[in-house]
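The values are calculated or read from the model by the stated rules, or taken from the named source; none is laboratory data. No experiment lies behind these values; they were computed from the predicted model shown. No Cβ is skipped: glycine too gets one built from the backbone with ideal geometry, and neighbour counts run over all protein chains shown.
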């Protein structure tokens with residue numbers, strides 16, 4: 001019933017529906033660690049919670065190690081249509097490395113969106129590492145800056161989404177507990193490929209099959 005409802009609401013094609021089923025959208029929806037209950041009014045908090053996923057699956061990207069957060073941003077922006085599909089309905093892309101000036105210092109947001117249903121700006125910060133509590137403080141600073149410099153009077157408070165490669169849920173809950181700005185912490189998954197120099201040193205599928213056949217003989 002969840003997938004039927006989402007298909008009707010979002011006008012998914014058969015291909016998109018198959019992709020959402022494959023990536024277990026039902027299991028991932030609303031599972032991010034957030035502080036929305038304490039920082040957003042009802043029913044906005046419930047809608048915001050259901051907007052976030054955990055994990056986010058960026059299977060449209062293929063990355064070769066080693067790669068940096070900038071490389072991930074490059075791929076997400078390059079595949080912005082698929083990225084927006086994974087983020088979910090309502091996200092409108094504003095910009096990458098969005099420039100803000102605070103106290104005569106320059107700051108750059110990884111990705112900035114506006115959510116048309118929540119009626120708020122959304123800051124997405126990407127960390128190609130496991131979650132550490134210090135990340136929350138920096139994201140909280142960015143949300144304060146957006147609320148002061150960009151947000152209009154009729155906009156809801158800006159939301160932050162911190163995407164990490166891994167996280168401990170208890171650590172994330174503790175880090176968000178006394179933060180008064182709405183934010184969530186989720187993991188993200190991407191498809192990793194081997195570097196060319198390693199690929200050449202590994203046997204191909206055909207070589208493995210031939211070896212197995214020779215062993216049988």
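Structural remarks
- Among the residues of segment 121-142, those identified as in contact with a helix residue (DSSP H, G or I) (Cβ under 7 Å, 6 or more places away or on another chain) and more than 11 Å from residue 176 (Cα to Cα) are 121, 123, 125, 126, 127, 128, 131.
- Residues located in segment 152-171, provided they are in a loop (DSSP other than H, G, I, E, B), in contact (Cβ under 8 Å) with a residue 12 or more places away in the chain and surrounded by fewer than 22 Cβ atoms within 10 Å (Cβ to Cβ): 154, 155, 156, 157, 168
- Filtered residues of segment 172-193 (kept if touching a helix residue (DSSP H, G or I) at 6+ places or on another chain (Cβ under 9 Å), farther than 25 Å from residue 118 by Cα and either at pLDDT 95 or above or not in a strand (DSSP E or B) (or both)): none
- The listed residue being touching a strand residue (DSSP E or B) at 6+ places or on another chain (Cβ under 9 Å), part of a helix (DSSP H, G or I) and buried (at least 17 other Cβ atoms within 10 Å of the Cβ), out of 58, 83: 83
- A single entry from 94, 4, 72, 8 fulfils the requirement of being part of a helix (DSSP H, G or I) and within 22 Å of residue 116 (Cα to Cα): 8.
- Whichever residue in segment 25-47 is modelled with pLDDT of 90 or more and in a loop (DSSP other than H, G, I, E, B) and, among such residues, is surrounded by the most Cβ atoms within 10 Å (Cβ to Cβ): 32
- Which listed residue is in contact with a strand residue (DSSP E or B) (Cβ under 9 Å, 6 or more places away or on another chain), surrounded by fewer than 12 Cβ atoms within 10 Å (Cβ to Cβ) and free of Cβ contacts under 8 Å to residues at least 24 places away in the same chain, from 65, 22: 22
- Residue list for segment 11-24, restricted to those being more than 24 Å from residue 185 (Cβ to Cβ) and assigned to a helix (DSSP H, G or I): 14, 15, 16, 17, 18, 19, 21, 22
- Looking across segment 116-151 at every residue that is in a strand (DSSP E or B) and touching a residue at least 40 places away in the same chain (Cβ under 8 Å), the one that is farthest from residue 45 (Cα to Cα) is identified as 128.
- For segment 99-115, a residue qualifies if it is closer than 20 Å to residue 156 by Cα and either in contact with a helix residue (DSSP H, G or I) (Cβ under 9 Å, 6 or more places away or on another chain) or touching a residue at least 60 places away in the same chain (Cβ under 8 Å) (or both), and the qualifying residues are 100, 109, 111, 112, 113, 115.
- Verdict on residue 196 being at pLDDT below 95, under 28 Å from residue 30 (Cβ atoms), exposed (fewer than 15 other Cβ atoms within 10 Å of the Cβ) and over 21 Å from the mean Cα position of the chain (by Cα): no
- Filtering segment 85-93 for residues that are at negative phi, more than 12 Å from the chain's Cα centre (by Cα) and in contact (Cβ under 8 Å) with a residue 60 or more places away in the chain leaves a non-empty set.
- For segment 162-178, the condition of being touching a strand residue (DSSP E or B) at 6+ places or on another chain (Cβ under 6 Å) and closer than 16 Å to residue 40 by Cβ holds for none of the residues.
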